[in-house]
Amino acid sequence: MTTSASLSSVEQKLLAISEMSREDLTATWIKLFKHRPPKGVKRGLLERAAAYRLQTRRFGKLKPETHRALLAIASGDHHKQMSTQTGLKPGTRLVREWHGKPYQVNVTDSGFEWDGDEYSSLSAIAKAITGAKWSGPRFFGL
């Protein structure tokens with residue numbers, strides 16, 4: 001069993017939200033959102049919104065592209081999810097110069113092709129080129 005001493009402060013606050021009275025939950029909402037919750041909002045939504053706000057204040061919000069990718073996954077549209085991640089269509093060629101040497105990557109239906117090999121991500125190619133861990137889209141200027 002987990003004790004409250006072993007929980008982080010965010011975990012403690014999240015646990016407390018689920019155990020609050022409606023009045024305390026409303027007061028917490030006002031503190032987090034700087035206004036009263038809309039009338040008629042069910043308790044479950046108040047709890048989830050308050051929990052999300054607590055977590056985003058502590059850890060930050062999702063990047064827009066991550067948010068879009070999650071929405072695409074949730075809708076079951078995997079093709080949309082893939083294009084959301086890279087924004088690239090098959091046939092696109094990416095060119096990047098690194099230490100004076102040009103590199104060309106082709107976007108394929110199944111991922112990416114560079115130097116005669118198939119890769120599932122641009123980050124794997126960026127690492128192969130530089131020897132260091134890079135964000136592939138950032139390395140290629142996307």
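Rg over Rh for the range 4-59 works out to 0.97, both radii taken from alpha-carbon positions and Rh defined as the Kirkwood radius. Here the gap between SER9 and LEU142, fully extended at 0.36 nm per residue and compared with their Cα-Cα distance, gives a gain of 44.2 nm.
Based on C-alpha pairs under 8 angstrom that are at least 6 apart in sequence, the range 93-139 has a relative contact order of 21 percent. Remark: relative contact order (the chain) = 11 percent; criterion is Cα-Cα distance under 8 angstrom and separation of 6 or more residues. Evaluated over the chain, the count of Lys pairs having alpha-carbon atoms less than 20 Å apart is 14 (only pairs 8 or more residues apart or interchain). Rounded to the nearest Hz, the phi-derived 3J(HN,Hα) couplings of the range 26-36 under the Karplus curve 6.51 cos²θ - 1.76 cosθ + 1.60 (θ = phi - 60°) are 5, 5, 5, 4, 4, 5, 7, 10, 6, 7, 6, where x marks glycine and proline. Dividing the convex hull volume of the alpha carbon atoms of the chain by its residue count gives 196 Å³ per residue.
Values quoted throughout were computed directly from the atomic coordinates according to the rules given, and no laboratory measurement underlies them. What you see is a predicted model, and the numbers here were worked out from it, not measured in a lab.
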